[in-house]
Amino acid sequence: MTILKPYPRLSLPSSKLLARNVSPLRGASQRRNNSSEAVEAPPAGGHLPSIATSQILRTKRESALRTSGLVWADEDSIAPSRTIVGGRETRKMNTYQAIRDAMGIAMAKDETAVVFGEDVAFGGVFRCTMGLAEEFGKERVFNTPLTEQGIAGFGIGLAVMGHTAIAEIQFADYIYPAFDQIVNEAAKIRYRSGGSFNCGALTIRTPTMAVGHGGLYHSQSPEGFFMGASGLKIVIPRSPIQAKGLLLSSIRDPNPVIFMEPKILYRSAVEQVPADDYELPLGKAETLISGSDVTVLTWGTPVYHCETAIHMFNNPPSSIQSAVPTSLRSAKVELIDLRSILPWDVEAVVESVNRTGRLVIVHEAGMTAGVGAEIAAEVQKRCFLKLNAPVRRVTGWDVPVALQYEKFHIPDSIRILDALVETLTY
């Protein structure tokens with residue numbers, strides 16, 4: 001029987017703290033709590049950035065309309081002389097509202113577009129399809145039987161016959177029964193038919209990642225299982241603006257796309273989202289914070305954990321200051337959101353690592369054979385002579401997601417901060 005073990009920590013001779021099996025940061029905090037020294041209570045919202053207060057989110061109209069890579073779908077046909085800001089409006093939306101808005105635009109402009117899945121007619125579990133059946137009719141927005149294999153197969157058939165199929169798998173954890181249809185049919189049908197048929201108009205939406213209490217059947221991150229399926233695209237947005245633009249690009253892309261939506265961000269991430277039809281590029285990563293000393297690469301919910309970790313790294317709270325050497329605090333950390341998992345933006349990642357010399361990859365899925373493994377191997381091959389430290393992965397543990405204490409399973413800001421210190425002191 002194979003015994004699953006956590007990834008061993010690096011033992012650093014320059015720091016006894018970092019050679020411990022227990023996180024030095026957690027240990028420092030525990031020693032602080034056990035001491036008699038008075039600790040001032042933090043403000044209600046805490047000192048550290050959260051999803052609600054993230055500087056990454058675009059909460060102002062001007063910054064939202066200047067989102068990097070944004071392309072207006074009507075720019076050429078309606079107003080070729082209009083600037084990217086002039087005349088455009090935004091609306092405050094959370095992620096599920098932005099996804100609903102994207103599907104509404106896609107269906108209004110494409111009469112062949114249909115939305116289907118388990119319970120989508122009344123809005124779905126997360127309300128992403130709320131009101132679509134009333135707006136477009138039950139022939140275009142309808143429920144399916146509880147069969148993921150059937151949903152994927154039906155979507156493939158619709159797409160092959162010329163429809164735009166937008167399928168919903170209620171949870172990414174239940175995409176496995178549809179695996180054969182997706183990997184053996186959707187991904188290969190263009191190749192198999194010599195280009196005579198394709199199901200490029202198929203988009204499969206599904207909620208993914210941890211939600212805090214989902215356990216082993218509602219908090220998985222299965223994006224890595226599709227990495228070897230040539231012919232598919234895998235996309236994971238981090239925010240409402242990203243969700244709308246990337247989903248519209250996915251629906252219109254000439255390849256089948258699995259669009260994975262981090263469920264905890266459905267309501268917690270809020271931005272001013274452009275009201276017009278726009279797209280964001282697939283296969284392109286985005287640099288959120290520029291830096292020169294270490295690259296942090298992630299996607300989905302961990303983007304915000306990484307932002308918190310970087311803030312703690314540069315300005316550590318008093319309870320963990322002893323675990324973050326003063327000499328490191330001025331280091332510049334570059335944060336990249338990969339966005340597209342397949343294909344992933346090799347050029348952007350390699351360019352960043354060649355500049356910084358260090359890479360930390362963060363994802364919620366387990367470490368073994370995760371997406372980070374593929375990225376680490378490619379970076380090692382292309383950046384070997386530039387690397388100043390081994391590529392570090394901070395991931396979920398190689399065990400089923402816990403029914404309790406889910407927070408200890410995911411790569412939180414403390415574990416990411418550990419990895420930054422270890423990598424910079426290697």
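How much of the DSSP beta bridge set in region 67-279 is antiparallel, as a percent to the nearest 5?
In region 67-279, approximately 25 percent of DSSP beta bridges are antiparallel ones.
Largest first and in whole Å, give the semi-axes of region 67-279's equivalent ellipsoid, each being the square root of 5 times a Cα gyration tensor eigenvalue.
26, 21, 17
Would you mind checking the tilt of helix 346-356 against the longest principal axis of the Cα atoms of the chain, expressed as 0 to 90 degrees and rounded to 10?
20
Can you tell me the 0 to 90 degree angle between the C-alpha axis of helix 413-424 and the longest principal axis of the chain, rounded to 10?
Taking Cα atoms only, the helix is inclined about 60 degrees.
Express as a percent, rounded to the nearest 5, the fraction of DSSP beta bridges in the chain (both residues included) that run antiparallel.
Antiparallel bridges: around 25 percent, rounded to the nearest 5.
Assuming 1.002 mPa s and 20 °C, estimate D for the chain with Stokes-Einstein, Rh taken as the Kirkwood radius over Cα pairs, in µm²/s.
95
What Kirkwood hydrodynamic radius, in Å, does region 350-408 give when the mean of 1/r is taken over all pairs of distinct Cα atoms and then inverted?
12.5
Rg/Rh for region 221-354: what does it come to with C-alpha atoms and Rh from Kirkwood?
Result for region 221-354 is an Rg/Rh of 1.02.
Roughly what angle does helix 371-383 make with the longest principal axis of the chain, taking Cα atoms, 0 to 90 degrees, to the nearest 10?
In the chain, helix 371-383 runs at an angle near 70 degrees to the longest axis.
Output wanted: per-residue J couplings in Hz (rounded whole) for region 309-319, from phi through Karplus 6.51 cos²θ - 1.76 cosθ + 1.60, θ = phi - 60°, x for Gly and Pro.
4, 5, 4, 5, 5, 7, 9, x, x, 4, 5
Give me 340, 63 sorted ascending by neighbouring Cβ count inside 10 Å, so fewest comes first.
63, 340
When the Karplus curve 6.51 cos²θ - 1.76 cosθ + 1.60 is applied with θ = phi - 60°, which whole-Hz ³J(HN,Hα) does each residue of region 96-106 get, with x for Gly and Pro?
Listing the rounded values in order: 5, 5, 5, 5, 4, 4, 4, 5, x, 5, 4 Hz.
A short reminder: the numbers here are calculations on the coordinates, not readings from a lab. Owing to the predicted nature of the structure, the values given are computational and were not obtained by experimental measurement. Cβ atoms come from the backbone with ideal geometry, glycine included; neighbour counts cover every protein chain shown.
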